[in-house]
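Comments concern the structure below.
What follows draws every value from the coordinates through simple rules; no lab data is involved. The model shown is predicted, which means the values in this text are computed figures rather than measured ones. Positions of Cβ are generated from backbone atoms using ideal geometry, with glycine treated the same way; all protein chains shown enter the neighbour counts.
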Amino acid sequence: MPSKKSVAPTPALTAEQFKTSVVKHLRTTLGTYEEKASKQAWNKALAAAINEFVFEGVSRTRKTHANVGARAVHYLSLEFLMGRLMSNNLQNLGLYSVAEEALKSLGLEIADVLEEEPDMALGNGGLGRLAACFIDSMATLSIPAVGYGIHYEHGLFRQEFHKGRQVERPDQWREFGNPWEICRPESAQVIKLYGYVETVYEQGKLSKVWHPGRTIRAIPWDIPVVGYGGQNVNVLRLWESRADKFFDWDVFNSGGYVDAYSESVEAETISKVLYPNDETDAGKELRLIQQYFFSAASIADVMRRYKAANGEDLANFAKLNAMQLNDTHPAIAIPELMRVLVDEENFAWDEAWAMTRETFSYTNHTLLPEALEKWSLKLIEKVLPRHMEIILEINSRFLTQEVETMWPGNNDIKRKLSIVEEGAEQMIRMGNLSVIGSHTVNGVAQIHSDLVKKDLFPEFDALWPNKFVNVTNGITPRRWMKACNPRLSALIEQHIDTDWPRYLEKLTGLKPLADDQAFQDSFMAVKHENKVDFVKEIKTLTGVDVSADAIFDVQIKRLHEYKRQHLNLLHIMALYRRVLIDPNYDMHPRVFIFGAKAAPGYKIAKEIIFAINKVAEKINNDRRINDKIKVVFLPNYRVSLAEKLIPAADVSEQISLAGKEASGTGNMKLALNGAITIGTMDGANIEIAEEAGSDNVVIFGMEVDDVVALKNKGYHPADYYRSNEELKAVLDWLEGDFFTPGEPGLLAEVKRNLVESDPFMVLPDFESYCEAHQKIDALYRDKKAWAKAAILNTASLAKFNSDRSIQDYAQNIWHVKGVEAKS
Ligand code: 475
């Protein structure tokens, strides 16, 4: 037997003591009492009791880091998709069972109290959730780090379905306050916008003075990030915008009482709402202002802290501060740091530029051309006139010095590498700016990093061969296994050390058990119990009855054509058709489960949601198919719903067109919890197959080279439509009124899109996808083989621990080390 070690030290605290603390907070913080308290009041009282430990940890960690003066990481991200914090904080503090017992003695189920917490949905999808996993890992590894972002009043919209169509409703996560944050008004910053730049000659020296047209206050809210074990607690610092002067006194005095408010309303819109676009960019003025607002506030904050610790001499600034750009969204931080160093701190350009490049590194998350950020030069000039000058200066030095040296006289290359894209309207390419202003650029899975070099930035790679690296994404096993799947966690702890959430490699200790009948039975029993729980959730959310004995086949991710939810739909329709043609069609019953939000303006994505909902309605009510197939589209997919669904999943759908999904992270969460992947050779699927073994995932479809070859040859979707009878039949089915009785043609757009353009090559992969599903069906019926494959997935996923990703960043990009916080 291995020794049973635990990283999370249960504080010397009994359930009785914890109960006393919760009740004390109920009365003194919430102003209510046991007999009268609502679930929400209990939730708040519990948060207050937990916070005694959390904020103690914040103080301890701050003090340690201030004393040590170590190099720190600043993770700049427009999105942090945190989800709920309570169960995670309890787990990481080692207080979960103490709290559970304390609440029980008060007559409360901990699960009900946890349900009261709204999700912090301050992100769209993968990129935002990655940032949340990364700050968890940085805290766990005791890396001095701050996450910087925006304190949005409204996070990602809440999704409802009205007659099968997506309707967006505002997210009100802070409606009743947020117990996890503290305002730090003493660290507020003033941010400048608009105005003009004056050139000043003084003592033979030329300098630039930016006279802003207006100023905005940035107020920081700190959200503690509790590392596993509770010793180290970092913070996520989110900026809220406020009017600089609440009243314009002149307007006020001249009788314009109401007008005096309008400026404050305008200033406050900056942090009002998260842009709901995943993978594409809005190009709107307010979005640019959001990007600058939080980048500038964060840089000012880093400066302030540096000076408080080291005095006015900035010589060590770049040695002590790493800044990571989570995609190009904070890329404006590059010219901002230049502005601060050159205009405010009087550095010579070259020295400032060297420091800037030493400070920044950039993560690319997507190759989709429509997602590569570009801002009109005119817009930047209007909003940030000094930054526009600085960007042009960076560009001209880069082109005339570095590019000219490497490729003398080559204007084609200059045109390609320039930060400025010439055309009817001059555009600023934020990707080029990020590459030029960073010391290191990384992709998020091996294949993606290879494509970043080969297809996106080949000339930059030739110019700086060591700049481009890979850091494969990861997920925190604390949230995505320990907290969300207590049954599986308890089972594996009967066989391996209890510190596996910190040292995920320990899961390999389960490999010898993959063939063990008793362990297989227990493993599958856990999956079944999780499914039974989720059956109730499905009923509550959709009204549909499903059986826990069916295969739970899950596709959860943002809705996007490249992710190909419609490929899944076509296969479901094909299965349905087969059962209608042959009522004895042999298949294990299947429940297809979808969760996905579409960007509000993304028409075809919304049509796909509608089509899935209509097909679901028809199939779920068709007695002829004897419950062999059920389809549910869960409304309002979000982190807290993922935590319930992932432990119950049998099959993980990762079916993007090869070359389009940079990494994926849901693929990792599902496989870690014992789901079998059906996937293309894309993103991290490739590495999951490598780790889990190719027998334990089901791969199908074209690979990147096949996609390129087909494109080059000329892709004609209609050829595939005509040559596959089943495919033709299901596509034609979308045209009539079979799924929309009395209203023919409502789903026709989905067919038209596929047959006439099919930008993400759904049709060529259809046949191979159907075959892959046959393999899934056969494997599931072989109970032993399925259990073995599922166990081997769980046992092999250690690589995808976000701690490993963060260690890669720490070693290869940031050059930082952990500093354990001491009391
Ligand atoms: C990739 N979001 C996943 C994940 O690396 C990858 C873009 C623009 C504006 C707002 N949000 C975005 C993304 O680009 C995004 O989420 N990308 C995703 O990042 C983490 O695993 O493959 O699609």
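Within the shell of other residues whose beta carbon sits under 13 angstrom from the beta carbon of Lys104, the net charge comes to -4, with Lys and Arg scored +1 and Asp and Glu -1.
Compute the Cα gyration tensor for segment 545-795, then decide on rounded, prolate or oblate, letting a ≥ b ≥ c be the square roots of its eigenvalues: rounded whenever a/c is under 1.5, prolate when a/b is larger than b/c in the other cases, and oblate in all that remain. Show your work: numbers first, answer last.
Details: a/c = 1.42, a/b = 1.15, b/c = 1.24.
Rounded.
Converting phi to 3J(HN,Hα) with the Karplus coefficients 6.51, -1.76 and 1.60 and the offset θ = phi - 60°, segment 798-803 yields 3, 4, 8, 5, 5, 4 Hz in sequence order, with x at every glycine or proline. Here the chain is assigned +1 on the Cβ of each Lys and Arg and -1 on the Cβ of each Asp and Glu. Its dipole about the Cα centre then comes out at about 1260 debye. Taking one quarter of the surface of the C-alpha convex hull of the chain gives a mean projected area of 38.9 nm². For segment 785-823, the residues whose backbone nitrogen is under 11 Å from a point 7 Å from the Cα of Glu505, taken along Cα to Cβ, are 799.
Evaluating 6.51 cos²θ - 1.76 cosθ + 1.60 at θ = phi - 60° for every residue in segment 602-619, the Karplus couplings come out as 9, 4, 5, 4, 5, 5, 5, 4, 4, 4, 4, 5, 6, 4, 4, 4, 5, 5 Hz, glycine and proline recorded as x. Using R₀ = 30 Å, calculate the FRET efficiency as 1/(1 + (r/R₀)^6) where r is the Cβ-Cβ separation of Asp705 and Glu459; round to 0.05. So, using R0 = 30 Å, E works out to roughly 0.85. If R0 is taken as 30 Å, the Cβ-Cβ distance between Asn346 and Tyr196 corresponds to a FRET efficiency of 0.90. For the pair Glu35 and Gln517, label points projected 7 Å from Cα toward Cβ lie 5.9 nm apart.
Under a model in which nothing but the beta-carbon of Lys, Arg (+1) and Asp, Glu (-1) is charged, segment 696-823 shows a dipole of about 920 debye around its Cα centre.
Placing pseudo-labels 7 Å out from each Cα toward the beta carbon at Thr540 and Ala70 gives an inter-label distance of 4.2 nm. Among Val469, Phe700, Val546, whose Cα lies farthest out toward the positive end of the dipole of the chain, if unit charges sit on the beta carbon of Lys, Arg (+1) and Asp, Glu (-1)? It is Val546, whose Cα lies furthest towards the positive end. If both residues of a DSSP beta bridge must be in the chain, then about 45% of such bridges are antiparallel.
If Lys and Arg each add +1 and Asp and Glu each add -1, what is the summed charge of the other residues whose beta carbon sits under 9 Å from the beta carbon of Val554? Summing Lys/Arg as +1 and Asp/Glu as -1 gives -3.
Partner aspartates and glutamates whose Cα lies under 18 Å from the Cα of Lys307, excluding those fewer than 8 positions away in the same chain, are identified as Glu186, Glu336, Asp343, Glu344, Glu345. Remark: segment 219-236, residue by residue, has Karplus-estimated 3J(HN,Hα) of 10, x, 10, 9, 10, x, 10, 7, x, 5, x, x, 6, 9, 10, 8, 10, 9 Hz, where x stands for each Gly or Pro and the curve is 6.51 cos²θ - 1.76 cosθ + 1.60 at θ = phi - 60°. Ordering Tyr503, Phe519, Asn485 by Cα displacement along the dipole of segment 458-538 toward the positive end leaves Asn485 in first place; charges were set at the Cβ atoms of Lys, Arg (+1) and Asp, Glu (-1).
The GluC sites (Glu not before Pro) of segment 365-449 meeting both criteria, a DSSP state outside H, G, I, E and B (loop) and at most 14 other C-beta atoms within 10 angstrom of the site's C-beta, are Glu422, Glu425. The Cα center of segment 164-216 and the Cα center of segment 345-418 differ in position by 23 Å. Between Glu425 and Asn466, the contour length at 0.36 nm per residue exceeds the Cα-Cα span by 11.4 nm. Distance in nm between label sites at Ala354 and Arg781, each 7 Å beyond Cα in the beta-carbon direction? Placing both labels 7 Å beyond Cα along the Cβ direction yields 7.1 nm.
Could you point to the residue in Val302, Tyr96, Pro212 farthest towards the positive end of the chain's charge dipole, with +1 and -1 charges on the Cβ of Lys/Arg and Asp/Glu respectively? Selected residue: Tyr96.
Please report, in debye to the nearest 20, how large the charge dipole of segment 545-795 is about its Cα centre when each Lys and Arg carries +1 at its beta carbon and each Asp and Glu carries -1 there.
Values: 31 positive and 37 negative charges, 133 e Å.
Using only the charged Cβ atoms, the result is roughly 640 debye.
What number comes out for the charge environment of Gly679, summing +1 per Lys or Arg and -1 per Asp or Glu over other residues with Cβ under 10 Å away? Don't skip to the end; give the middle numbers.
Working: positive: none; negative: Glu653, Glu661, Asp682.
That works out to -3.
In the chain, helices alone account for a calculated mean residue ellipticity at 222 nm of -13000 deg cm²/dmol, with every DSSP H run of four or more residues adding -39,500 (n - 2.57). Can you list residues from other chains, or at least 5 along the same chain, whose modelled amide H is less than 5 Å from the amide H of Val225? Close amide H contacts, sequence-distant or interchain: Asn234, Val235, Leu236.
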